[in-house]
Structures are given as structure tokens and as C-alpha cells.
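The values are calculated or read from the model by the stated rules, or taken from the named source; none is laboratory data. Worth saying up front: this structure is predicted, and the values here are computed from it rather than measured. We place every Cβ from the backbone using ideal geometry, glycine too, and count neighbours over all the protein chains shown.
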Amino acid sequence: MSEIAPLSLPRAARMRSPLFLWAGGLAAVVAVTGFAKTFFHPLFTGTFSAHPAVYIHGAFLFGWVAFFIAQAALVHRRRVALHRRLGWFGLALALGVVSSTLVIAVMASRRIAAGGAVGQANAELLVIILEMIVFASLVGGAVLLRRRPETHKRLMLLALIGALGPAWFRFRHYFPAIENPVLFYSLLLADSVLLLAIALDLKAGRGLHPAYLYAGGAMVAVHCIEVFGFPTAAFQFVADRVAGPLI
């Protein structure tokens, strides 16, 4: 007899949908491919040099992807008790992702501002701040709703989708001919994973889950504001007042 009888598990865990394992695998491929030219190849050839904070930031981000895969695999194997115990480690990882991302963003923005493009520096830092607010909100919501597995796992998937934005955007190094790479990679391609998750739920007869509708809709709305609002005076006004004091 197993340590945890299958009938004692939530219905969602007994179903053991492979969606979240596949999503984790896709995230790993996207992350490695996206950063291959700008990070991994220079790193392995000895031509990459950066502030130590960059390495820490990378460790947190790739650690988050690995954590998602491990947690999905544990549920898939019905190791729910261990999955729950490791959840607090995931919270620590998420805090590391947020803090290290903001540190790197401030450093990069200060370099841009030092070159004279203060407005651009403020606007780009505001984008990162918005992204981290979304990421932290999704992970925080997942932690608070951890006793509701159908909602919890979807919020975690949304956090993973949001975290992959920078990796998707670096695909422009493989396909430089694509016009408006921010729109194509950071919005259309990155958020298409959410549409795929929704389609799979609908195909399985589960309907549109509120987490996808409300939290996912809010995430996409923020991405639209970043992409379409970035060149506007209103976005710059907010950026100068929110991000400006940090630079």
C-alpha cells in the first residue's frame, strides 16, 4: 500500500493531468534557448563577464523553472505531501526572483540614464516593476489558495508564463527580421501559452477557469499596457514619478 492512498487525494491530483509537466518542459526549452546566445554560449566559451548580481539573478530564474517542473512531477507521481512541504522553498525562490530582478533592472536603468536617455531608463524600469508586481501577486495568490489545487496550480502556471517574457523576447536574436519584436515575442508569443492552457481545459470539458479569466486576463492587460502604452506621454509621466526616484 502506498504512503498516500489515491482516494485520499484531491480529485485534481488523482487525474494527474500532464499539462503542467509539459508546461514546465516548454518553459525550460524557452528559457535555455532564449538565453543561449546572450548568456549560456558566452558563459561556456569564457567570454561572458558581468556583475555577480547577474549570476544570482540567473540562478533564481532558472531555479524557479526547475522548481515548477519538480513540483508538477511530484503531483503527477502522487507525492502530494512532499509537494506541499517544498512549497515554502518555492516562496523563497519567488522572493529571490523578484528582488534580484529589481536589482538588475535598477543597475541596467542607471547605465541607460548615464548615457543620457533618462526617460527611456525610467520607462523600462517601470515595465520591470509592473512585471514583478504581477509575478508576486500570482505567486502570493497561489500560496494563499494552496488548499484549492485547481486554482493554485493555474496561478502558478500564470506566474511561470509571466516570468518567461524576457526569454521569449530574446528569440529576436534568432529571427531579427520580425518587425516589432516587443509586440510579437513579449505579448503575442509569450501569452499564447495561456491560450493553449485555456484551450486544453475547454477540450477536457472543464470550462474556462476563473483563474485564467481574471488573473490571466489581468496579466495580459498589464502586458498590453506595457507594449502599447510604453511610447505614450501618460506612461512616461508615471514612469518618471514611480521609477525615476530609484535611478
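Checking Leu126 against (1) assigned to a loop (DSSP other than H, G, I, E, B); (2) out of contact with any Leu (no Cβ under 7 Å at 6 or more places or on another chain), which test does it fail?
All conditions are met except number (1).
Being outside any loop (DSSP other than H, G, I, E, B), of a type in the set (D, E, K, R) and farther than 9 Å from Gly216 by Cβ is the filter here; which residues of segment 145-159 pass it?
Glu150, Lys153
Every residue, every condition in (1) out of contact with any strand residue (DSSP E or B) (no Cβ under 6 Å at 6 or more places or on another chain); (2) outside any helix (DSSP H, G or I); (3) at pLDDT 95 or above; (4) surrounded by 14 or more Cβ atoms within 10 Å (Cβ to Cβ), yes or no:
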site: Ala12; (1), (2), (3), (4): yes, no, no, yes
site: Ile56; (1), (2), (3), (4): yes, no, yes, yes
site: Trp64; (1), (2), (3), (4): yes, no, yes, yes
site: Ile69; (1), (2), (3), (4): yes, no, yes, yes
site: Ala81; (1), (2), (3), (4): yes, no, no, no
site: Val106; (1), (2), (3), (4): yes, no, yes, yes
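Residue by residue, here is whether (1) surrounded by 13 or more Cβ atoms within 10 Å (Cβ to Cβ); (2) in a helix (DSSP H, G or I); (3) polar (S, T, N, Q) holds:
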{"residue": "Ile161", "(1), (2), (3)": "yes, yes, no"}
{"residue": "Phe175", "(1), (2), (3)": "no, no, no"}
{"residue": "Ser186", "(1), (2), (3)": "yes, yes, yes"}
{"residue": "Asp191", "(1), (2), (3)": "yes, yes, no"}
{"residue": "Ile198", "(1), (2), (3)": "yes, yes, no"}
{"residue": "Gly207", "(1), (2), (3)": "no, no, no"}
